[in-house]
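Beneath this line is the structure, given in structure tokens, with notes to follow.
The values are calculated or read from the model by the stated rules, or taken from the named source; none is laboratory data. Worth saying up front: this structure is predicted, and the values here are computed from it rather than measured. Don't worry about glycine lacking a Cβ; one is built from the backbone with ideal geometry, like all the others, and counts go over all protein chains shown. When the accessible area is computed, the model is the full protein with side chains, heavy atoms only, and any ligands, DNA or RNA have been set aside. Shrake-Rupley method; radii C 1.70, N 1.55, O 1.52, S 1.80 Å.
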Amino acid sequence: GFNDDLQNLEALKEAALKLAEDLKKVSLSIGAKTSTKGKIFGSVNTIQIAEALTEKGFLVERKNISIKEDLIKEIGSYSATVKLHREVLVDIPFEIVSE
């Protein structure tokens, strides 16, 4: 019934908040192929972020990840936002390194 649904919603939000706490401790390092000047060949996008998170044990769908910069074209530090729940968003710093 309605109350069960409400409890489930609360549980989902609780789970999202718990996950958010864990994610706040994560910092990602993503390797990219670069030129000698540090320009990235191609670009880094949410697929790489999702993969990097999966490697750390966090299964986040790439559609729930957004990067402020439309196109990341050089190595450096950036930030991605992960939406775990409609009310729970986490910013995750990540660094692009030359591999």
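Among the candidates Thr46, Thr36, which residue alone is of a type in the set (Ser, Thr, Tyr) and open to solvent by 60 Å² or more (accessible area, probe 1.4 Å)? Every option except Thr36 fails the conditions.
In segment 11-33, which residues are open to solvent by less than 30 Å² (accessible area, probe 1.4 Å) and under 15 Å from Pro93 (Cα atoms)? The answer is Ala20, Leu23, Val26, Leu28, Ile30.
Residue count for segment 51-73, restricted to those that are under 16 Å from Pro93 (Cβ atoms) and either touching a helix residue (DSSP H, G or I) at 6+ places or on another chain (Cβ under 8 Å) or open to solvent by less than 80 Å² (accessible area, probe 1.4 Å) (or both): 9. Just checking, which of Thr46, Thr34 is under 12 Å from the mean Cα position of the chain (by Cα) and modelled with pLDDT under 95? On inspection, the qualifying residue turns out to be Thr46. In this structure, is Leu59 assigned to a strand (DSSP E or B) and within 15 Å of the chain's Cα centre (by Cα)? When the stated conditions are applied, Leu59 does not pass them. Taking segment 7-39 as the range and being out of contact with any strand residue (DSSP E or B) (no Cβ under 9 Å at 6 or more places or on another chain), polar (S, T, N, Q) and outside any helix (DSSP H, G or I) as the test, only Thr36 passes.
Just a yes or no: is a residue in segment 24-34 of a type in the set (S, T, N, Q) and without any contact (Cβ under 8 Å) to a residue 12 or more places away in the chain? Within segment 24-34, none of the residues are of a type in the set (S, T, N, Q) and without any contact (Cβ under 8 Å) to a residue 12 or more places away in the chain.
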